[in-house]
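As structure tokens, the structure follows; a few thoughts come after it.
The values are calculated or read from the model by the stated rules, or taken from the named source; none is laboratory data. Model, not experiment: these values are computed from the prediction. All Cβ positions, even for glycine, are placed from backbone atoms using ideal geometry, and neighbour counts span all protein chains on display.
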Amino acid sequence: MSMEEKAYAKINLHLHVTGKRADGYHLLDSLVVFPDVGDHLTIIPAEAGQVDLVTLQIVGPFSASLHSEDLKNNLIIKAAYQLVAYAQDKKLSPVCLCLEKNLPVSSGIGGGSTDAAATLRLLIRYWGLKISSQDLAKIALQLGADVPVCLHPVSQRMEGIGEGLSFFPNLPDFGMLLVNHGEAVSTPDIFRNRKADFSERAILGENLNSFEEFIQQLSYLTNDLQPPACLLNPKITSVLQAIEGLPFCRLSRMSGSGATCFGLFETAEQANEAAILLKQRYPWWIWGGNGNVK
């Protein structure tokens, strides 16, 4: 029996750095959405005599850079064995996981984190595990700060180091363009080069289901990591300018620690048309479509 799970890209519509803990972790405030694009994870029948309980194959357009990695360090494998540890003595059948890597690696859209979250969802179903939401959240946070928000790919507000989550359902339908120019940026370097003061927690209205109100409120907010990222990698500025110049684009910004940037449009059709236009001009990874699968 095979099962599939989609690992949706995670987009930070805004990202405020609100403080820093004594242990060095930064405190964040971010409104997160999941557009209709992502990696695909599939369970395929384990081969006879498979030694390891969990094995992983990686295919797809962005798989090459992952082939040199030690698979024991891959978040998918780590997520799987976290569940194995949780299940303790429960008899679990061997599985072979196949990841179709469609999202750019180290690109600020939560690729590894959303893959790990999809692994947890998929294996809980496949193995028939009973696990409380609290225990699942603890496992996710142990895997990484972005994994908890990716467990449920719907619009959410993320605070603290990633553990403070609240659903944010009242967003309008909108289109999104995603662009990555192909050069990874270092998240630690970006935080080290950030010179600005800490930002306040964003004020977000309860009712953002009007697209105009949605855009207006986002325009008052920022991604605090965008300025240092642009200094370290000036091509990000060029990407943002290219997005801003597209017809019907209402807002452009970098997601997470970069280097993927997004543009917001009133409809998915406008975003898709913008993607087609941009692909004619640049050899970048470009996607356009529904900006929030909710």
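Assorted remarks:
- Helices (runs of 4 or more DSSP H) fully within segment 92-151 that include at least 3 residues being out of contact with any Gly (no Cβ under 7 Å at 6 or more places or on another chain) and either at pLDDT 95 or above or buried (at least 24 other Cβ atoms within 10 Å of the Cβ) (or both): 111-127, 133-143.
- Residue within segment 165-179 that is part of a loop (DSSP other than H, G, I, E, B) and in contact with a Pro (Cβ under 7 Å, 6 or more places away or on another chain) present: no
- Flag set for Val293, criterion: closer than 21 Å to Phe62 by Cβ, part of a loop (DSSP other than H, G, I, E, B), aliphatic (A, V, I, L, M) and out of contact with any Lys or Arg (no Cβ under 8 Å at 6 or more places or on another chain).
- The single condition among (1) under 18 Å from Met3 (Cβ atoms); (2) touching a residue at least 60 places away in the same chain (Cβ under 8 Å); (3) surrounded by fewer than 19 Cβ atoms within 10 Å (Cβ to Cβ) that Gln57 does not satisfy is (2).
Every residue, every condition in (1) touching a Ser or Thr at 6+ places or on another chain (Cβ under 6 Å); (2) free of Cβ contacts under 8 Å to residues at least 40 places away in the same chain; (3) of a type in the set (D, E, K, R), yes or no:
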| residue | (1), (2), (3) |
| --- | --- |
| Ile131 | no, no, no |
| Gly144 | yes, no, no |
| Cys150 | yes, no, no |
| Gln156 | no, no, no |
| Pro169 | no, no, no |
| Asp173 | no, no, yes |
| Val179 | no, no, no |
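Yes or no, residue by residue, for (1) surrounded by 13 or more Cβ atoms within 10 Å (Cβ to Cβ); (2) not in a loop (DSSP other than H, G, I, E, B); (3) not β-branched (Val, Ile, Thr):
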{"position": "Asp189", "(1), (2), (3)": "yes, yes, yes"}
{"position": "Ala196", "(1), (2), (3)": "no, no, yes"}
{"position": "Glu200", "(1), (2), (3)": "no, no, yes"}
{"position": "Gln216", "(1), (2), (3)": "yes, yes, yes"}
{"position": "Pro228", "(1), (2), (3)": "yes, yes, yes"}
{"position": "Leu231", "(1), (2), (3)": "yes, yes, yes"}
{"position": "Thr237", "(1), (2), (3)": "yes, yes, no"}
{"position": "Pro247", "(1), (2), (3)": "no, no, yes"}
